[in-house]
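FYI, it's all coordinate maths here, none of it is from the lab. Fair warning: this is a prediction, and the values are worked out from it, not measured in the lab. Methodologically, a virtual Cβ is constructed for each residue, glycine included, from the backbone with ideal geometry; neighbour enumeration extends over all protein chains shown.
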Amino acid sequence: MLGEKTQLAEYSRPNGVIPDRRSWRTILRAWRGFTVTGKRMYEFFYLASLEISIPSTPRLFHQVRAHPHGGRIIRDKPDLLALLRDDAYLASLAPGTVGHAYRSFLTTNRLDAGVFDESAVVRPYAQARNWHEDYYYFLVRCNAMHDLQHVVTGYGPDIAGEITGIGFQCGQMEPAGALEKLGYAVAFALPGASLRHKLRVYRQAVERGRRADKLAAAPWEELLDKPLDEVRTQLGVLPKQIAHPNGGWFTRWTPPGMKPATRWDYDEILARDGG
């Protein structure tokens, strides 16, 4: 079962649009993200990324809707975020499962399920842009599964892990256009490894995402209690050591006002805890 239908704040746009043009005003306003800290900073960058990734994200939406699992998900709109916020359920899952790894990822870095408040950030913006309710749900679901993608790919919560994750996502959306180029630019500027290594890791992440099935079409509600390695195989996500034979990279650098992330390696955690 996919679970209960989403209980998100009411959003009804049956005659809304699937965007095909960027809002340059929103993109240019992203500079304000450098004047604030914490989630407010991410909100500016997130909304700008939604626009930069047009038409790639709308193209991915159409691909997901045409997918056997994805079409059912878009139609039924199950509330993935509610399940991910059920800590008692996640805590009941066996070590080695997707849900156990997800909870480990959150607790290690004191994170909450869901990157942004749907009703305060995503919904008002979607309303202003008159986005179709199915596209809006797709964006909210992708937001909810952000940290699940970290878990399945093995990319950490540090800024380097975020950028590598963007590379993977660009592979899922190919051609990703401006967003992929922006990822290369940030990888170029980030510390933590040689320039050659950083660009190679980013390029490998793009290829890894391209070869995998569409993670946005996966029935995550049915996968949380399944072994992580099996789910990776099912979704066609290459093992990290194969996708990145020379390793990844980690950086403790963060924007001003943010705490450095804790390095996260689920295999090491399982070995340490005897899982």
Problem set entry | Highest average packing first - 101-112, 156-167, Cβ atoms within 10 Å | 156-167, 101-112
For this session: Relative to the compact-globule scaling 2.2 N^0.38 Å, provide the ratio for the alpha-carbon radius of gyration of segment 38-183.
Result: 1.05
For this session: For the chain, please report how many Lys pairs fall under 27 Å Cα to Cα, leaving out neighbours fewer than 8 apart on the same chain.
Result: 20
Seminar exercise, completed: Expected unfolding gain across HIS197-GLU268 under the 0.36 nm per residue rule, minus the alpha-carbon gap, is 23.2 nm
Problem set entry | Unit charges at the beta carbon, dipole of segment 35-182: most positive-side option, CYS170, GLY70, ILE52 | GLY70
Exercise. Does the chain come out rounded, prolate or oblate by the C-alpha gyration tensor, with a ≥ b ≥ c the root eigenvalues, rounded set by a/c under 1.5 and, if not, prolate when a/b is larger than b/c and oblate if not?
Worked result: rounded
Exercise. After finding the eigenvalues of the alpha carbon gyration tensor for segment 119-158, what semi-axes result from the square roots of 5 times each, listed largest first in whole Å?
Worked result: 26, 11, 6
For this session: Compute the Rg/Rh shape ratio of segment 141-275: radius of gyration over Kirkwood radius, all on alpha-carbon atoms.
Result: 0.95
Exercise. What is the gain in length, in nm to one decimal, between ARG21 and PHE45 on full extension, counting 0.36 nm per residue of separation less the C-alpha to C-alpha distance?
Worked result: 6.9 nm
